[in-house]
1. Being over 19 Å from ASP441 (Cα atoms), surrounded by fewer than 23 Cβ atoms within 10 Å (Cβ to Cβ) and aliphatic (A, V, I, L, M) narrows it down to one residue among LEU140, LEU151, LEU116; which is it?
2. Which residue is modelled with the highest pLDDT, if the candidates are limited to the stretch 106-157 and must be part of a helix (DSSP H, G or I) and within 11 Å of the ligand (Cβ to nearest atom)?
3. Please find, within the stretch 336-362, the residue that is nearest to SER303 (Cα to Cα) out of those that are acidic (Asp, Glu) and part of a helix (DSSP H, G or I).
4. Would you check which residues across the stretch 159-201 are within 11 Å of the ligand (Cβ to nearest atom), of a type in the set (S, T, N, Q) and under 26 Å from the mean Cα position of the chain (by Cα) and list them?
5. Scan the stretch 48-60 and tell me whether some residue there is within 10 Å of the ligand (Cβ to nearest atom), touching a residue at least 40 places away in the same chain (Cβ under 8 Å) and in a loop (DSSP other than H, G, I, E, B).
6. Determine, yes or no, whether ASP64 is of a type outside the set (Val, Ile, Thr), outside any loop (DSSP other than H, G, I, E, B), within 19 Å of the chain's Cα centre (by Cα) and at pLDDT below 90.
7. Of the residues that make up the stretch 122-137, is at least one in contact with a helix residue (DSSP H, G or I) (Cβ under 8 Å, 6 or more places away or on another chain) and free of Cβ contacts under 8 Å to residues at least 60 places away in the same chain?
8. If you go through the stretch 309-342, how many residues are within 29 Å of ARG31 (Cα to Cα) and either at pLDDT 95 or above or not hydroxyl-bearing (Ser, Thr, Tyr) (or both)?
Amino acid sequence: TSTEQPAAQPKVKSKNIDVPTVWAETTATRRPSAAFVVIGHVDHGKSTLMGRLLLDTGAVHQRDIDRHRKEAAEQGKASFALAWVMDTSADERDRGVTVDIAQHYFSTDTADFTILDAPGHRDFVPNMIGGASMADLGVLVVDANQLESGLKGQTREHVLLARAVGLERVVVAVNKMDGAVPSWDQHLFRSVSEEVCKLLTDTGFDRDNIKVVPCSGLNGENVATAPAADGPTAWVARSSQTLIAALDNFAASTTTPSELLKKPIRLQITDIFHASSQYPISISGRISAGTVQIGETIIIMPSSVSASIKAIDVADSPVEYAVAGQLVTLHLTADDVEQLERNVRIGDMLCYSSSPIEVVSDFTVTLLSYQPLLPGPVEVHIGRLQLPGRITSLLELIDADGGTVKKKPRIVKAGLRAKVKVTVDRALPGDVGNRVVIRADGETFGSGILSGLGERWVGAA
Ligand code: GDP
């Protein structure tokens with residue numbers, strides 16, 4: 001016989017909040033917030049800069065860094081102490097699980113931020129597409145002294161991917177300015193900044209949506225605070241904003257259109273984990289439309305398995321409801337927990353049973369091509385969903401306004417716009433308007449908007 005008490009059940013509040021109204025009423029008092037993805041070539045200082053942001057905003061403590069510094073020094077890598085804060089992600093430590101897209105939180109005087117970090121080691125590109133599609137902005141880190149290596153390497157690819165998933169705003173951190181020769185060389189900054197802006201605008205970013213900031217993640221100059229107003233950094237103190245000021249500005253203009261809140265819930269599942277013994281399954285993702293609240297019952301597509309929402313976290317703090325534009329963790333339960341566990345997968349969509357997302361086996365995408373497109377096998381990415389498929393027909397070439405230029409082309413040359421039919425080998429939960437990225441052979445061939453849903457999927461989900 002067991003003397004164990006039954007586990008205390010978390011208190012479930014009833015579903016009774018008119019979320020869009022409550023959200024609208026509290027708009028004036030709410031702090032701005034934004035999520036950003038960090039991109040850039042390996043070794044350009046991404047992790048160090050993020051460690052610096054977390055340290056200087058008080059999200060991590062100096063004693064944590066010192067502990068890392070000791071470990072790092074023992075391995076002869078003292079300069080990596082700040083970067084290690086990102087590697088041993090709080091997420092992974094606290095939950096004892098590995099997540100593909102780690103989230104770190106920090107707050108400035110005016111706004112709350114989430115860093116989305118897709119670790120480089122495994123499956124980097126799919127994770128980066130997933131991370132970027134959850135982000136409001138991108139932070140592109142460029143080593144001021146190694147621009148060429150970046151342009152030959154991942155800098156260009158990441159910029160293209162960020163644009164391909166529909167990211168519009170970028171802060172460029174021209175990093176390692178302390179290591180320039182001479183240190184904080186203003187001419188170097190100007191030329192790097194011009195080249196990076198050209199890359200971004202050539203890729204389709206609007207110049208007004210790009211902010212460029214010189215900084216040193218390692219020393220912290222011009223990250224959270226302006227550098228010395230005399231000496232080599234005088235020009236920075238005089239003429240540049242800090243990285244945090246640039247982020248704050250973008251956060252202040254990040255809003256959720258109220259129409260979006262009134263739509264039925266859509267949330268693509270980015271990670272699945274066991275947050276605590278209290279809940280059988282927890283999932284995280286960005287709410288792309290609608291709202292959720294504790295006590296609601298939802299279904300997960302394509303399997304249609306149902307679950308109820310026991311608890312909701314935003315930035316690791318419990319909340320009663322959450323809305324479109326927010327990154328959330330939902331703690332789920334179900335009458336048949338095993339069935340739920342068996343059927344929920346990364347890339348699935350969470351919906352109401354009264355307005356489920358359609359599940360199809362083919363679709364039309366209106367895209368811009370980056371490489372010549374022909375019918376044949378491709379990899380389809382919609383956020384975190386990644387499916388094998390094939391381009392089955394090139395329907396038409398179109399102009400920027402969508403007007404037909406040519407029907408049934410034999411090929412879509414790089415740089416042209418087209419409507420293309422794609423068939424997938426697995427069930428695809430999709431909505432018209434979703435961003436689609438088409439890749440093949442490790443390269444991005446095109447990206448655009450899902451513009452038409454095809455045949456309903458009939459096989460097993
Ligand atoms: P990541 O691969 O882009 O995440 O780069 P890391 O943050 O791991 O940094 C790579 C190397 O560059 C490490 O040795 C860092 O100490 C060094 N580093 C990073 N930021 C700076 C900086 O602002 N100035 C200097 N001089 N070195 C830096």
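1. On the way: LEU140 fails: surrounded by fewer than 23 Cβ atoms within 10 Å (Cβ to Cβ); LEU116 fails: surrounded by fewer than 23 Cβ atoms within 10 Å (Cβ to Cβ).
Answer to the check: LEU151.
2. So in the stretch 106-157, the residues part of a helix (DSSP H, G or I) come out as 124-133, 147-152, 154-157.
Going one step further and asking which of them are within 11 Å of the ligand (Cβ to nearest atom), we end up with 150, 154-155.
On the way: GLY150: 80, GLN154: 86, THR155: 91.
Ranking the qualifying residues of the stretch 106-157, first place goes to THR155.
3. Looking only at the stretch 336-362, we keep the residues that are acidic (Asp, Glu), and these are 336, 338, 341, 348, 358, 362.
Among the residues that remain, those that are also part of a helix (DSSP H, G or I) are: 338, 341.
Numbers: GLU338: 14, GLU341: 11 Å.
Only one residue tops the list, namely GLU341.
4. ASN175
5. First pass over the stretch 48-60, keeping only residues within 10 Å of the ligand (Cβ to nearest atom): 48-52.
Next, from what is left, pick out any that are touching a residue at least 40 places away in the same chain (Cβ under 8 Å): 48-52.
If we keep only those that are in a loop (DSSP other than H, G, I, E, B) too, we end up with none.
No, the stretch 48-60 contains no residue that is within 10 Å of the ligand (Cβ to nearest atom), touching a residue at least 40 places away in the same chain (Cβ under 8 Å) and in a loop (DSSP other than H, G, I, E, B).
6. Working: of a type outside the set (Val, Ile, Thr): yes; outside any loop (DSSP other than H, G, I, E, B): yes; within 19 Å of the chain's Cα centre (by Cα): no; at pLDDT below 90: yes.
When the stated conditions are applied, ASP64 does not pass them.
7. No; the residues of the stretch 122-137 include none that is in contact with a helix residue (DSSP H, G or I) (Cβ under 8 Å, 6 or more places away or on another chain) and free of Cβ contacts under 8 Å to residues at least 60 places away in the same chain.
8. First pass over the stretch 309-342, keeping only residues within 29 Å of ARG31 (Cα to Cα): 309-332.
Filter once more, so that each one left must be either at pLDDT 95 or above or not hydroxyl-bearing (Ser, Thr, Tyr) (or both): 309-316, 318-332.
Number satisfying all stated conditions: 23.
The values are calculated or read from the model by the stated rules, or taken from the named source; none is laboratory data. Since the structure is predicted, the reported quantities are computational estimates derived from the model, not experimental observations. Ideal geometry is used to build each Cβ from the backbone, glycine not excepted, and the neighbour counts take in all protein chains shown.
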